[in-house]
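Just below is one structure, and these are the notes that go with it.
The values are calculated or read from the model by the stated rules, or taken from the named source; none is laboratory data. Owing to the predicted nature of the structure, the values given are computational and were not obtained by experimental measurement. Note that we place each Cβ from the backbone using ideal geometry, even for glycine, and neighbour counts take in every protein chain shown.
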Amino acid sequence: MSNKEHQAILMEHYKSPHGLGVINEKHTVGKGVNSLCGDEIRVGVVVENNTITDIKFEARACSICIASSSIMTQILTNKKTSEVNSFYEELLDILKKNDVSAESHRLLIPLSNISKMPSRHKCALLSWEALRDACKL
């Protein structure tokens, strides 16, 4: 897949984000702030029997942060909480090493474009860190 195709996928997630919505009392909340660019995000998660059954986020954030949050909700809804860290680590590898392998989760691959912009890594990771906080990981 080309860089242009990756950009188009990220823009689609930004324009029509999955998981963007109201967090309510059922959700356990984690928060993230990126002081460099001003991104602010709240991630709410519902966990039943160690399975993430719902993820919502509320954000005042850049396109990268919102797209990454949307991708996160797609990947992690209905996954075990024990899987959160492995997906987070995979995203870190993609961003820091531009390490996309055959085993990489297909929905994370468009975020590899951001590996060339180290100042934007925090934007891509912010919601994932807030989710880890909400899950107490």
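Taken over segment 29-57, residues that are surrounded by 18 or more Cβ atoms within 10 Å (Cβ to Cβ), closer than 13 Å to Leu125 by Cα and either free of Cβ contacts under 8 Å to residues at least 24 places away in the same chain or among the β-branched types (Val, Ile, Thr) (or both) amount to 2. Return a yes/no flag: does segment 1-16 have any residue that is free of Cβ contacts under 8 Å to residues at least 40 places away in the same chain, under 22 Å from Leu137 (Cβ atoms) and exposed (fewer than 13 other Cβ atoms within 10 Å of the Cβ). No; the residues of segment 1-16 include none that is free of Cβ contacts under 8 Å to residues at least 40 places away in the same chain, under 22 Å from Leu137 (Cβ atoms) and exposed (fewer than 13 other Cβ atoms within 10 Å of the Cβ). Among the residues of segment 78-120, the one identified as at positive phi and at pLDDT 95 or above is Asn78.
Put simply, of Ser82, Ser70 the only residue that is among the hydroxyl-bearing types (Ser, Thr, Tyr), free of Cβ contacts under 8 Å to residues at least 60 places away in the same chain and farther than 21 Å from Arg120 by Cα is Ser82. Looking at Ser35, Ser119, just one residue is within 24 Å of His6 (Cβ to Cβ) and among the small types (Gly, Ala, Ser), and that residue is Ser119.
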